[in-house]
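A.B. asks: After the structure tokens below, expect a handful of questions from me.
What follows draws every value from the coordinates through simple rules; no lab data is involved. Since the structure is predicted, the reported quantities are computational estimates derived from the model, not experimental observations. Reconstructed Cβ throughout: ideal geometry from the backbone, glycine too, with neighbour counts over all protein chains shown.
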Ligand SMILES: Cc1cc2nc3c(=O)[nH]c(=O)nc-3n(C[C@H](O)[C@H](O)[C@H](O)COP(=O)(O)OP(=O)(O)OC[C@H]3O[C@@H](n4cnc5c(N)ncnc54)[C@H](O)[C@@H]3O)c2cc1C
């Protein structure tokens, strides 16, 4: 089955720099693979079988991430960058998918780093989609997909084309080593410019930053454990939690 | 979410995709109108995505809000594209200013709110607090039956309920700060004194095997909503905290004053859990 994997399209929230005046800067921050990107790759492999996997990404980071994990070739929109408003990135990625009309399945990480990106790609592509996916395999109907919904696991059959947003259960096992990455850099890489794909620029703009007014936690010094626990229990009783 | 939508003024319509019971629970809230796609039992809500998107064009809302549930995000994506709306996640509030919608979203791990001005329609994934908005009168409900789709649910598997975690009113979560399996006995004594269930972080199960898979709480495991969650020796990784975000009160015990969890709890004791846990048991007794 013809599958694409979309990877490294979001910023890691840990990398955001909060300046003294409360503004946030992403200067110098490269787009990163999320915890869920390796799961997307695994699912793409399970679906593709012996077919080639196409990898799609944006940004100026190392594009060999998916190739090192088995993708045959990579399409990269190098001059695009993740934005706070995701519709443009979604449109760019959808335009990349359309360049390979044989594709039947697109898999991407279902990462809470930016859930908007997942929704934006689904909408811009206009394909049916499932999120929270933990496994998928080819089936007579198209695909058999397992996904996690709260504390429940659902098994579904779905027709293709379809977008699957993959949720990882744990850290990636056996990530590729330096040798695989160096080999992967020799695989075909098609570099595109955002202007070639022509999605309209987002009209949304950041107009300010502020600190949230949620009260901060009441911290109790635990140097005297007895006193700290008495203070905590009194507070919990006052809250009705005990 | 309803209260946030109200901030923009105008009618607030609930789009519900699921069984009749879901629409009934929405009727208890103060929506102006409810459109209910009554989905057959063996279909996922996502089968309505294209239809809801087409309806969104007709309704032409200024904003579409969805929770971060997997189905809601898929449907939101289709509606956003249909409306050519801006799409933003981690949204805490909406306001209107100078003809634009101001979408406030949490950024930098929730340390800061970013205000984004959107000239047209906004589609947002809501991540703020849920407030009760009970209905004075039951909103008119339009029901649209959905009996077929390109997806089908063939099996539903409930989570293993070994630790009684999912229903426990009080839960003590232990993390790598536990140090060794032997130290679990002190946690078990506290759990008995508090009538609490015991949960853990993923590495406590996967890497250390101190507790079982059904004890793990977090994005990839159980989601719990106890009245009280005490996190001992847990750093507060997003993957763990997303499993306890519905806890009413969270207490953290950590010996690192800079631990991330102190930014996401109600009470924190900065101290050694090996001293605090037995002291808590004693104080309760
Ligand atoms: C795809 C994926 C999915 C994941 N899903 C989950 C999930 O569902 N659930 C989950 O929990 N994790 C999950 N994780 C792992 C998660 O990202 C964190 O690595 C994990 O939650 C950290 O566990 P921890 O807090 O116990 O350990 P650490 O991060 O090592 O923290 C230990 C804490 O203990 C404190 N400490 C040490 N000694 C003491 C002491 N004596 N007294 C008090 N405090 C002490 C330290 O200061 C530190 O803050 C997932 C990871 C990935 C990649």
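A.B. asks: Label points 7 Å out from Cα along the Cβ direction at residue A:45 and residue A:206: separation in nm?
C.D. replies: 3.6 nm
A.B. asks: If you build a Gaussian network model of chain B, linking Cα atoms that sit under 10 Å apart, which residue out of B:156, B:167, B:147 swings the most?
C.D. replies: Top of the fluctuation ranking is B:156.
A.B. asks: Based on the mean of other beta carbon atoms within 10 Å per residue, what is the order of B:60-73, B:128-141, B:217-230, B:21-34, most packed first?
C.D. replies: Packing order, densest peptide first, comes out as B:217-230, B:60-73, B:21-34, B:128-141.
A.B. asks: Next question, about the same structure. Per-residue counts of other Cβ atoms within 10 Å, averaged by peptide: what ranking do you get for B:251-259, A:14-22, highest first?
C.D. replies: B:251-259, A:14-22
A.B. asks: For chain A, what does -39500 (n - 2.57) per DSSP helix run (n ≥ 4), summed and divided by total residues, give at 222 nm, in deg cm²/dmol to the nearest 500?
C.D. replies: About -7500 deg cm²/dmol.
A.B. asks: Semi-axes of the range A:106-175's equivalent ellipsoid from the Cα gyration tensor, sqrt of 5 times each eigenvalue, largest first, rounded to whole Å?
C.D. replies: For the range A:106-175, the ellipsoid semi-axes come out as 18, 17, 12 Å.
A.B. asks: Based on the mean of other beta carbon atoms within 10 Å per residue, what is the order of A:151-158, A:235-242, A:58-65, B:261-268, most packed first?
C.D. replies: Working: A:151-158: 18.2, A:235-242: 14.0, A:58-65: 20.2, B:261-268: 21.8.
Those peptides, ordered most packed to least, come out B:261-268, A:58-65, A:151-158, A:235-242.
A.B. asks: Please identify, among A:179, A:147, A:73, the residue showing maximal mean-square fluctuation in a Gaussian network model of chain A using a 10 angstrom Cα cutoff.
C.D. replies: A:179
A.B. asks: Taking every pair of distinct Cα atoms and averaging 1/r, then inverting, what Kirkwood hydrodynamic radius in Å comes out for chain B?
C.D. replies: 21.2 Å
A.B. asks: Give the Kirkwood hydrodynamic radius (Å, one decimal) of the range A:3-202, defined as one over the mean of 1/r across all pairs of different Cα atoms.
C.D. replies: 17.0 Å is the Kirkwood radius here.
A.B. asks: Springs between alpha-carbon atoms under 10 Å, Gaussian network over chain A: tell me which of A:125, A:93, A:219 tops the mean-square fluctuations.
C.D. replies: Maximum fluctuation in the GNM of chain A, among the listed residues, is at A:219.
A.B. asks: Related question: Output the Cα-based Rg and Dmax of the range A:3-116 in Å, rounding Rg to one decimal and Dmax to a whole number.
C.D. replies: 14.5, 53
A.B. asks: Using 1/(1 + (r/R0)^6) with R0 = 22 angstrom and r between the beta carbons of residue A:221 and residue B:227, what's the FRET efficiency to the nearest 0.05?
C.D. replies: Details: r = 25 Å, r/R0 = 1.16.
After rounding, the FRET efficiency stands at 0.30.
A.B. asks: Given a Förster distance of 25 angstrom, what is the FRET efficiency for residue B:284 paired with residue B:181, based on the Cβ-Cβ distance and rounded to 0.05?
C.D. replies: Using R0 = 25 Å, I get an efficiency of 0.60.
A.B. asks: Right, another one. Per residue of chain B, what 222 nm ellipticity follows from adding -39500 (n - 2.57) for every DSSP H run with n ≥ 4, rounded to the nearest 500?
C.D. replies: It lands at -7000 deg cm²/dmol.
A.B. asks: Once the Cα gyration tensor of the protein assembly as shown is diagonalised, what are the square roots of 5 times its eigenvalues, in whole Å and ordered largest first, as equivalent ellipsoid semi-axes?
C.D. replies: Equivalent ellipsoid semi-axes, largest first: 37, 28, 24 Å.
A.B. asks: Peptide A:12-25: average number of partner chain Cβ atoms within 10 Å per residue?
C.D. replies: 3
A.B. asks: OK, next. So in chain A, what percent of DSSP beta bridges are antiparallel if you round to the nearest 5? Numbers along the way, then the final one.
C.D. replies: Numbers: 16 of 41 bridges.
Within chain A, antiparallel bridges account for around 40 percent of the total.
A.B. asks: Could I ask something else about it? Just to confirm my numbers, what's the Cα centroid distance between the range A:63-93 and the range B:66-86 in Å?
C.D. replies: 21 Å
A.B. asks: Moving to a separate point now. Along the Cα→Cβ direction, 7 angstrom out, place labels at residue B:256 and residue A:52. What is the inter-label distance in nm?
C.D. replies: In this crude spin-label approximation the distance works out to 4.5 nm.
A.B. asks: How high is the FRET efficiency between residue A:242 and residue A:100 when r is their beta carbon distance and R₀ equals 41 Å, given to the nearest 0.05? Walk me through the numbers on the way to the answer.
C.D. replies: Values: r = 59 Å, r/R0 = 1.44.
Here the calculated transfer efficiency is 0.10.
A.B. asks: Now for a different question. Over the range B:77-176, consider all pairs of different Cα atoms and compute the Kirkwood hydrodynamic radius from their mean reciprocal separation; express it in Å, one decimal.
C.D. replies: One over the average 1/r among Cα pairs gives 18.5 Å for the range B:77-176.
A.B. asks: What does the structure give for B:65-73 when I average, per residue, the other chain Cβ atoms found within 10 Å of the residue Cβ?
C.D. replies: Going residue by residue through B:65-73 and averaging, the value is 5.
A.B. asks: Follow-up question, since we're still on this one. Determine the shielding of peptide B:198-205 by partner chains: average, over its residues, the number of Cβ atoms on other chains within 10 angstrom of each Cβ.
C.D. replies: What the average comes to for B:198-205 is 1.
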